[in-house]
Amino acid sequence: MQAAKGPGLDRVGRRHVTIDFALSNSVDAVNAGLFVSPGQGIHPTRVIDSYELIFVMQGCFECFEDGSDFHVRSGQSLLLFPGHVHGSRVPYPPDLRFYWVHFRLNEARGPGPDVAIPRLVKARDPETLSEIFCRFISDQESATLDPVGSSHLVALMLCEVFESSREESLSALSPAQVPLVLAIEAHIEANYMKPISTCTIAGELGLSPDYLERVYHLHRGRSILQALHTRRIETARALLRNDGRKNINEIAFECGYSCRSCFRRMFERQTGLSPRDFRSLYSRTHINSH
Amino acid sequence: MGDALRLTLPLSLEPSFIKLLARDSAIETALRLEASCLFIFVARGWLNVAEETAQARLGPNEALLLYRHEACAIGLRTELGAQAYVVAFRTLVSREDPRSRTLAVPVHAMVANPERLADLLRMLVGEQERQSPSLPILSNLLVLVLNEFDASATGQKSLRVKTPEPENLASLVDAYIAAHYSEAVSSVDIARYLNYSVEYINRVFHRKRGMSVRDAIHCRRIKEASALLDSRRDLPISDIATMCGYKDVGYFRRIFKRLARTTPCKLRKGLASTGSGEDM
């Protein structure tokens, strides 16, 4: 980026003019997929020459690497190393679904932080991680995946996994989590599909809505209503990606929106995409069952 | 074997400003750039970009990438209802580094797949809004944004998910109305049947047929009613109303009057001018 002077606004419209960026290059993607259990069969015992990251969306994946056993539950990711024997001792459970990606590491040392990525961790944001996998697989299937895209998508997955472990250890270190904030969050988690509001939560907890709002905002930096909408849209994202049979109205109702235009507006505000565009963006995923 | 994977997270770009400019009124933002880049993507509406004396107006799905070596001020003003993503960033990897990879990004282009770009920018804004955003995540997302912009601008990824032709959709609505006008049908039922939102159905239908779905249903019903008033003179008007999907005769009469410019009674008695029922 040592160009002497960038193009001025007067040169707008000349699309052959480019700016070159140098990128660090520490991860190389091999391939990825979505595994859906055939209800029978067993994971082969094998040694592969690349790293493998597994992210379980549903069910529990029982596997081992060398002498250690792993039980990877829904929402958790597992990292397997090249050159080590891994496999499974039990058949695939019928409800198992997981994303997998194979990748290699380069020796290149960029300016990035040196981190330790744990073997097994619970994803902090399963929706975003699924969407990154989905994007990788969809581009791979349509042959539009380029090396820059694939390597940065895998790097992004690894970053997500790292952040998950960091947040996990941070929350374990600070026992001073405010009980009221946790109570609000638990209430949202259990009732977001119903017509709830800050007032109904306050009524449920026997406190004034203003007080609740103030405490929540102080600790989370956003309003209760925002948290509620975020939670609802998260579910909508998962439903739009995974359940092609439901129409958008049904999804709106399932996420706690009583009218589809409210849902549409909220979805657009949070994601910048209409529910329909979001669905078509994530609906092309190749599945493997062996 | 260690219990964790040690690696250097790739970090190529460092964003200093990430914002989704979206308000229903015009807003102004001024940015200072020095030895850094600015990426702008307009998702909706129009955005005015000003730098000293130069000005540019960006429209929907247009993206712009600027690099400024020396300090300068860039003014951004969104027009009514516009939505634009703005990211200022600087690069961290030297081009002399032999292990680096190069990405050439166009300076200005229309984006062929705006949803794909908007989706990555949404993730970028989402990460930025976290309590402690992760720099490597922001950096990787930003590389993906620029890569997507490059691919989308050069037209490699033109695999747009095909949406049905609006013309076709309007005919599907016509067919549904023809088959169900005698029942209590609404645009909501049609939207559910065709698996689209009511708003979308209405928009597409209105564009193609110049009337709302609701009016199209009424038109069809009144047209059928006019024919029945003539051919089935033995039937009372209330029965004809029911046969055409109106439970309430009063409502039927009101709609009839509005569209046929006469009442059902007058039409039957032949007092209305000939052919008034065929106008629709």
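Descriptive notes on the structure:
- Against the test of being open to solvent by 20 Å² or more (accessible area, probe 1.4 Å), within 30 Å of residue A:277 (Cβ to Cβ) and more than 14 Å from chain A (Cβ to nearest Cβ), the options B:184, B:216, B:175 yield a single qualifying residue, B:175.
- Of the helices (runs of 4 or more DSSP H) that lie entirely inside region A:178-290, those containing 2 or more residues that are open to solvent by less than 60 Å² (accessible area, probe 1.4 Å) and out of contact with any Phe, Trp or Tyr (no Cβ under 8 Å at 6 or more places or on another chain) span A:179-191, A:198-205, A:209-220, A:224-242, A:260-271, A:275-281.
- You will find that of B:62, B:14, B:51, the residue that is in contact (Cβ under 8 Å) with a residue 60 or more places away in the chain, within 12 Å of chain A (Cβ to nearest Cβ) and surrounded by 13 or more Cβ atoms within 10 Å (Cβ to Cβ) is B:14 and no other.
- Strands (runs of 3 or more DSSP E) within region A:47-143 that include 1 or more residues within 27 Å of residue B:135 (Cβ to Cβ): A:51-58, A:76-80, A:97-105, A:114-118, A:120-122
- Selection from region A:39-64 of residues that are crowded, with 17+ Cβ neighbours inside 10 Å, under 20 Å from residue B:7 (Cα atoms) and either of a type in the set (Lys, Arg) or without any contact (Cβ under 8 Å) to a residue 60 or more places away in the chain (or both): A:50, A:51, A:52, A:54
- Taking the criterion of being among the charged types (D, E, K, R) and at the interface with chain A (Cβ under 7 Å from one of its Cβ atoms), the residues of region B:96-148 that qualify are B:97, B:99, B:101, B:115, B:116, B:119, B:122.
- Pairing each residue of region A:184-195 that is within 17 Å of residue A:206 (Cα to Cα) and basic (Lys, Arg) with any residue that is modelled with pLDDT of 90 or more and open to solvent by 50 Å² or more (accessible area, probe 1.4 Å), provided the two are 6+ apart or on different chains, yields no C-beta distance under 9 Å.
- Residues being within 13 Å of chain B (Cβ to nearest Cβ) and either more than 30 Å from residue B:108 (Cβ to Cβ) or buried (at least 19 other Cβ atoms within 10 Å of the Cβ) (or both) - total across region A:19-38: 10
- The set of residues in region A:152-171 that are more than 8 Å from chain B (Cβ to nearest Cβ) and crowded, with 18+ Cβ neighbours inside 10 Å comprises A:154, A:157, A:161, A:164, A:165, A:167.
- Restricting attention to region A:105-122, the residues that are open to solvent by 10 Å² or more (accessible area, probe 1.4 Å) and more than 25 Å from residue B:91 (Cβ to Cβ) total 5.
- Which numbered condition residue A:71 misses (of (1) within 11 Å of chain B (Cβ to nearest Cβ); (2) over 17 Å from the mean Cα position of the chain (by Cα); (3) modelled with pLDDT of 90 or more): (1)
- Being more than 7 Å from every other protein chain (Cβ to nearest Cβ), over 18 Å from residue B:147 (Cβ atoms) and buried (at least 17 other Cβ atoms within 10 Å of the Cβ) is a property that holds for residue A:129.
- Taken as a whole, region B:27-48 holds at least one residue that is small (Gly, Ala, Ser), within 11 Å of chain A (Cβ to nearest Cβ) and farther than 20 Å from residue B:109 by Cβ.
- When residue B:29 is tested against (1) open to solvent by less than 20 Å² (accessible area, probe 1.4 Å); (2) in contact (Cβ under 8 Å) with a residue 24 or more places away in the chain, only condition (1) is not met.
The values are calculated or read from the model by the stated rules, or taken from the named source; none is laboratory data. Computed from a predicted model, the values in this text were never measured in an experiment. Neighbour counts are summed over all protein chains in view; Cβ atoms, including those assigned to glycine, are modelled from backbone coordinates with ideal geometry. For the accessible areas, the whole protein counts, side chains as well, though only heavy atoms, and no ligand, DNA or RNA atoms are used. Shrake-Rupley method; radii C 1.70, N 1.55, O 1.52, S 1.80 Å.
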